[in-house]
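This report concerns only the one structure given below.
The values are calculated or read from the model by the stated rules, or taken from the named source; none is laboratory data. All of these numbers come straight from a predicted model, not from anything done at the bench. Note that each Cβ is placed from the backbone with ideal geometry, even for glycine, and that neighbours are counted across all protein chains shown.
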Amino acid sequence: MGEVLSQSEIDSLLAALSTGELDATEISDKDEKQVKNYDFARPAKFSKEHLRTLEFIYEHYARLLSTNLQVYLRKNVQVAVASSETVVFSEFINALVSPAILGVINFRPLPGSIMVDLAQNLGYTMIDRMMGGQGEPLEKVREFSEIELTIVEKIIILCMQLMKEPWKNVLDIDPFLEKIETNPQFAQIISPTDMIAIVTLNIKIGEVEGLMNLCFPYFTVEDVIDKLNTKFWFSTIRDSSDEEYDQYLESMLRKVDVPMKVELGQNLITVNDFMDLQCGDIIRLDSKIDSELLVYVGNIKKFTALPGTNKDRYAVRITTVIREEE
């Protein structure tokens, strides 16, 4: 409710208006609500909160992608979230050039599909690397061959499968690749006027740098749009059991193959002696028959052991564990 003026204040105000000391047009209600423009052709279906949550999801995805692509391509790979925005689908498609690398992915159990747009130079670099090259992009853009598209398809499938874990806090997804299109006009997965959210990843393979765009139509994520907020995201993370996560890490570590070797002893010989070695020759080592041997896990000195046999095979029996501080 506005402030009530006394009679003297009203008289003073009228006098100021009549003498011109006060302009009536300058008098306005400070509590007046501001009118905001709303473009019905571009409805704001994705809020900043939704985009921020998608960034959280794909920051996790970027770490997984950099690790796995590095093993797959045998080259240093760096991936980071560059930006996120909402646009009309037609604007996204019209901005692409042909030939493009567009993976249409069924995002089951959610309805509809999402789209992955991989930069041309990254595609050519991955193909060159997979074919045994140094990972150099083409100087002149050309159409992809059938063999090259098959290689790209394997890479897109790898990228697609890695999305499962980052989305677990929102929904258990089981995506699969429907098709790969090189002509953007043939990749009309939704109406041109529908709104989409785009998360852009910056990928660097060696010295080659490019972008990967992940396109999410509102129709596809509408069923879980309420879960795409930071409050739900962090509450889900807090609810997850630390003990279960530790058990998961332990189970993954147990599957890792680690080379193990036992050092019987050392000695120095000349190159001539080494060249003249024959089967049955004996080399005297610096260790005694009853002394403990060093056991290496990878290149780390980890155990001491005594030599012996086990069912007609050479073996060692662990005697002590060498701690890091030792």
Item to check | Matching residues in region 129-153 - criterion: being touching a residue at least 12 places away in the same chain (Cβ under 8 Å) and of a type in the set (Lys, Arg) | outcome: Arg129, Arg142
Checklist entry - Would a scan of region 60-71 turn up a residue that is among the basic types (Lys, Arg) and either in the same structural domain as Met212 (by TED's automatic domain parsing) or modelled with pLDDT of 85 or more (or both)? => result yes
Item to check | From Thr86, Thr53, residue being touching a His at 6+ places or on another chain (Cβ under 9 Å) and modelled with pLDDT of 85 or more | outcome: Thr86
Next on the checklist: I need a count of the residues in region 104-150 that are acidic (Asp, Glu) and in contact with a Cys (Cβ under 8 Å, 6 or more places away or on another chain).
Outcome noted: 1
Checklist entry - Restricting attention to region 192-211, and to residues there that are surrounded by fewer than 15 Cβ atoms within 10 Å (Cβ to Cβ) and under 21 Å from the mean Cα position of the chain (by Cα), which single residue is farthest from Ser47 (Cα to Cα)? => result Glu207
Checklist entry - Which of the following residues is assigned by TED's automatic domain parsing to the domain that holds Leu73, assigned to a loop (DSSP other than H, G, I, E, B) and buried (at least 19 other Cβ atoms within 10 Å of the Cβ): Ile189, Ile180? => result Ile189
Checklist entry - For Val71, all conditions in the list (1) surrounded by 13 or more Cβ atoms within 10 Å (Cβ to Cβ); (2) among the β-branched types (Val, Ile, Thr); (3) under 22 Å from Tyr61 (Cα atoms) hold save one; what is the number of the exception? => result (1)
Checklist entry - So Gly265 fits all but one of (1) free of Cβ contacts under 8 Å to residues at least 12 places away in the same chain; (2) on the phi > 0 side of the Ramachandran plot; (3) surrounded by 10 or more Cβ atoms within 10 Å (Cβ to Cβ); what number is the exception? => result (1)
Checklist entry - So, in region 77-114, of the ones that are of a type in the set (Ser, Thr, Tyr) and surrounded by fewer than 19 Cβ atoms within 10 Å (Cβ to Cβ), which residue ends up farthest from Pro184 (Cα to Cα)? => result Ser83
Checklist entry - Which number in (1) touching a residue at least 24 places away in the same chain (Cβ under 8 Å); (2) out of contact with any Phe, Trp or Tyr (no Cβ under 7 Å at 6 or more places or on another chain); (3) not acidic (Asp, Glu) marks the one condition that Val81 misses? => result (2)
Checklist entry - Counting residues that are modelled with pLDDT of 85 or more and of a type in the set (Lys, Arg), which strands (runs of 3 or more DSSP E) fully inside region 267-326 reach at least 2? => result 300-309
Item to check | Count - residues of region 298-326 that are hydrophobic (A, V, I, L, M, F, W, C), touching a residue at least 12 places away in the same chain (Cβ under 8 Å) and exposed (fewer than 13 other Cβ atoms within 10 Å of the Cβ) | outcome: 2
